[in-house]
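What follows is a set of notes on a single structure, which appears directly below.
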Amino acid sequence: MPEAALVTDIAHLALGVRDPARSLAFYRDVVGLEGAVREADFGFVLTTPKGITFSLIRGEPPVGLGEVHFGVALPDEKAVRTRQAELAAMRIPEVDWWVEPGFVSLKVADPDGYVVEFFWERAGAPVPPETDAES
C-alpha cells in the first residue's frame, strides 16, 4: 500500500438519528463525550478536544445494525466495572457484558440502537473471538 494511503486515525463519525438533541444528550451525559457543539441545519456536530468530529444527522438510522458498534477505551478493568454500575444507576440497559483474561467489555445502545462499547484490553492480550478480523 502506498505510504500516502496509510490511515493512522479516524477523524470523523456521522450517525443518522431520529432526534439529534436526544442523541447529543446521550453521547454527552451517558457516554461522556466532551467537546464544542455546533448546531447545524441537519442536527449537531460535536468536535472533541482532539479534533475528532462527531455528527448527529437528522434522519433514520440504518435497519439491522448487527455487530456494528464503536468503542470507548477505558484505562483498566475497574473503570469498566465502575462504568457498568454508573450506567445501571442511570437505568441504561446492557446489550452485552463480556469478561475474559485481559479483556472486559460492556455494551449499551443509544436511543437509535447504535451500540457503544466501553472496554479495557490489556496490552498483548489475545483478540476476543467476536472481534477477530479473520472470523
Next on the checklist: Being farther than 14 Å from ASP112 by Cβ, without any contact (Cβ under 8 Å) to a residue 40 or more places away in the chain and not charged (D, E, K, R): is that true of THR48 here?
Outcome noted: yes
Checklist entry - If only one of VAL37, VAL72, VAL68 is loosely packed, with under 13 Cβ neighbours inside 10 Å and either closer than 15 Å to ALA109 by Cα or not assigned by TED's automatic domain parsing to the domain that holds LEU106 (or both), which one is it? => result VAL68
Next on the checklist: Name the residue that is nearest to VAL30 (Cα to Cα), counting only residues in the stretch 97-109 that are under 14 Å from the mean Cα position of the chain (by Cα) and modelled with pLDDT of 95 or more.
Outcome noted: VAL108
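Quick one: which of GLU60, GLU77, GLU39 is farther than 21 Å from GLY113 by Cα, touching a residue at least 40 places away in the same chain (Cβ under 8 Å) and acidic (Asp, Glu)? Let's see the steps before the verdict.
Working: GLU60 fails: farther than 21 Å from GLY113 by Cα; GLU39 fails: touching a residue at least 40 places away in the same chain (Cβ under 8 Å).
From the options GLU60, GLU77, GLU39, the qualifying one is GLU77.
The values are calculated or read from the model by the stated rules, or taken from the named source; none is laboratory data. Just so it is clear, the structure is predicted and the values come from calculations on it, not from any experiment. Counting neighbours? That spans all protein chains shown, and the Cβs are built from the backbone with ideal geometry, glycine included.
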